[in-house]
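Report on the following structure.
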Amino acid sequence: MNLQSSYQELLDKTSKKERKNINIYIGLSGGVDSSVGAYLLKKDGFNVKGIYMHCFSSDDPKCRANQNRADAIKVASFLKIPIEIWDFEKEYKKSVIDYFFSEYKKGNTPNPDILCNSEIKFKLFLNQALEKGADYVATGHYAKILYLENGKLQNTNSKQILISKPHDSKEIRNTSISNNNIVCYEYSKLKIKNLKSHNNSINDKLEERQNHYYIASGEDMWKDQSYFLSKVQNDVLNKILFPLGELYKNKIKGETLGYKSTRKIANSIRLPVCKKPDSTGICFLDGIDFQQFLRTKLSEKEGNVYNLTNQKIGTHKGICFYTIGQRHDFVIKKYIGKPLYVIRKDIKKNRLYVGTKENLYKNKLSINSVQLKIPENSFNSLVGDKKIFVRIRNLGDFCHVISFKKNKNNEFILRLEKPLFSIAPGQFAVFYYIDTFGKKNTEEKIIIGSGVIF
């Protein structure tokens, strides 16, 4: 099976002359990755527009939002592409920040970056861009979008498994965005039609294949961001491009393996942000202290710390400020000679239970809010073939799923081949199908579903 990223496929199917008439709106964050992505799109001949998404503002002097916006404008000027500022702060608060605080209040450990991608970048941004004339949107994510021929996964023993079928419904549901009168379509049951006649022939070919695109890990295993994209709906992927999917971020790691590196490209063209460090942690808190931000909405409530034999051994500042696997910020009055970690939390009794590192390993995983991108019987078959792996954090280990049971509440109970470390309720468990697809010395890791750990 010949697998190509959607970006490489578009390059192969179009000439430079045709690309001049293909409009691509790229999310320009002011960082190195999206800036190099914009450069590559322009270099390859597309008509590129940068969009800076304003999603969050703060009075905290450490907040980098203003600097990031200024950097995005500077990059657009350097690349000689137009740029617009789109305000999604209201929608971002509702979809991402309110969820963030709500989950911490429940004692869970949420992942707001996943919601940012599924609800903001690849819903609001995507839909508004298409309404304004974009043929595609792009971002600087290190991930790939792959087309699977005939909607089938073919594993190494040539057994084919149906993974998708076209939607028949033409139902459209409209939702207004903010106060700007832009209409946002829910694309789960809609085949996107491009209104520009000069691109109809290209788009018609791709529309037929709409439901056979899947997100896969990027080539750079140290930077792969596919986990954060796990809730993006498959039927909009034919309108999304990831120009960095086959690049490495780090010069040394990438080039020793024969790949181009993003940093080297940025330095070679002297991008204004080529020396800018990577952002780390939760995207909207860029520069802001995490614990201080939590305390803007959540109050401290002192409680007791217990060991796993139910003995009271210390105190804590409030359940919501701790996550599973944490080993600091609680007071232990009875030292046992080993480091202690948060093992579980009792939100009703305001109790924190701690134990040793060994107590954090589990080979059983319970998830709800499951969204499979393939039929359930196909998922079950692939589990039996030992082709399904699960990841419980970004850049975490891929662990074999050896069995799963589904209860009447649509919850999945998974049994894993080996124990995973520090399984935190509220985090996402992401399912990957991993196979060589007949290629030598390489594997593709394709997302086929996700759920929330409880």
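Any read-out appearing in this document is the output of simple, stated calculations on the displayed coordinates, not a laboratory observation. Not measured: the values here are computed from a predicted model. Methodologically, a virtual Cβ is constructed for each residue, glycine included, from the backbone with ideal geometry; neighbour enumeration extends over all protein chains shown.
Tell me whether the stretch 254-393 comes out rounded, prolate or oblate; compute the Cα gyration tensor, take square roots of the eigenvalues as a ≥ b ≥ c, and use a/c under 1.5 as the rounded threshold.
Numbers: a/c = 2.21, a/b = 1.34, b/c = 1.65.
Verdict is oblate for the stretch 254-393.
Using the Cα atoms as the points, what is the convex hull volume per residue of the stretch 244-333 in Å³?
Spread over its residues, the Cα hull of the stretch 244-333 gives 177 Å³ apiece.
For the stretch 343-357, backbone phi angles converted through the Karplus equation (6.51, -1.76, 1.60; θ = phi - 60°) give residue-by-residue couplings of 9, 7, 10, 10, 5, 5, 8, 6, 10, 10, 10, 10, x, 7, 4 Hz, Gly and Pro being listed as x.
Please give the contour-minus-distance gain from Glu131 to Gln311: 0.36 nm per residue of separation, less the Cα-Cα distance, rounded to one decimal in nm.
Working: separation 180, 0.36 × 180 = 64.80 nm, distance 6.05 nm.
Using 0.36 nm per residue and subtracting the Cα-Cα distance, I get 58.7 nm.
Which of the trypsin sites (Lys or Arg not before Pro) found in the stretch 39-77 are loop residues per DSSP with 11 or fewer other Cβ atoms within 10 Å of their Cβ?
Details: sites: Lys42, Lys43, Lys49, Lys62, Arg64, Arg69, Lys74; in loops: Lys62, Arg64.
Of the trypsin sites (Lys or Arg not before Pro), the ones in loops of the stretch 39-77 whose Cβ has at most 11 other Cβ atoms within 10 Å are Lys62.
Subtracting the Cα-Cα distance of Lys333 and Asn441 from 0.36 nm times their residue separation leaves 33.5 nm of extension gain.
Between Ile269 and Phe454, take the C-beta separation as r, use R0 = 45 Å, and let me know the FRET efficiency to the nearest 0.05.
Working: r = 47 Å, r/R0 = 1.05.
So, using R0 = 45 Å, E works out to roughly 0.45.
Sites listed here are trypsin sites (Lys or Arg not before Pro) in the stretch 228-321 whose DSSP assignment is loop and whose Cβ has at most 10 other Cβ atoms within 10 Å: Arg270, Lys275. Cross-link partners of Lys345 among lysines, defined as those whose alpha carbon lies under 23 angstrom from its own and excluding same-chain residues fewer than eight positions apart: Lys105, Lys106, Lys297, Lys301, Lys312, Lys317, Lys333, Lys334, Lys357, Lys362, Lys364. For the stretch 297-358, the Cβ-based charge dipole about the Cα centre amounts to some 100 debye (Lys, Arg positive; Asp, Glu negative; other atoms uncharged). When the trypsin sites (Lys or Arg not before Pro) in the stretch 90-146 are filtered for DSSP coil states and for at most 16 other beta-carbon atoms within 10 Å of their beta-carbon, the remaining sites are Lys106, Lys132.
In summary, the lysines within cross-link reach of Lys276, defined as a Cα separation below 17 angstrom excluding same-chain residues under 8 places away, comprise Lys62, Lys74, Lys223, Lys249, Lys251, Lys264. Residue-wise HN-Hα couplings along the stretch 37-47, as the Karplus relation 6.51 cos²θ - 1.76 cosθ + 1.60 with θ = phi - 60° gives them from phi, are x, 5, 4, 5, 4, 5, 4, 7, x, 7, 8 Hz; Gly and Pro carry x.
For the stretch 13-26, the Karplus equation 6.51 cos²θ - 1.76 cosθ + 1.60, evaluated at θ = phi - 60°, returns couplings of 8, 10, 8, 4, 5, 5, 5, 4, 9, 9, 8, 10, 9, 10 Hz by residue, with Gly and Pro reported as x.
Remark on Lys445: its backbone amide H falls under 5 Å from those of Ser217, a criterion applied only to residues 5 or more positions apart or on other chains, H modelled at 1.01 Å from N.
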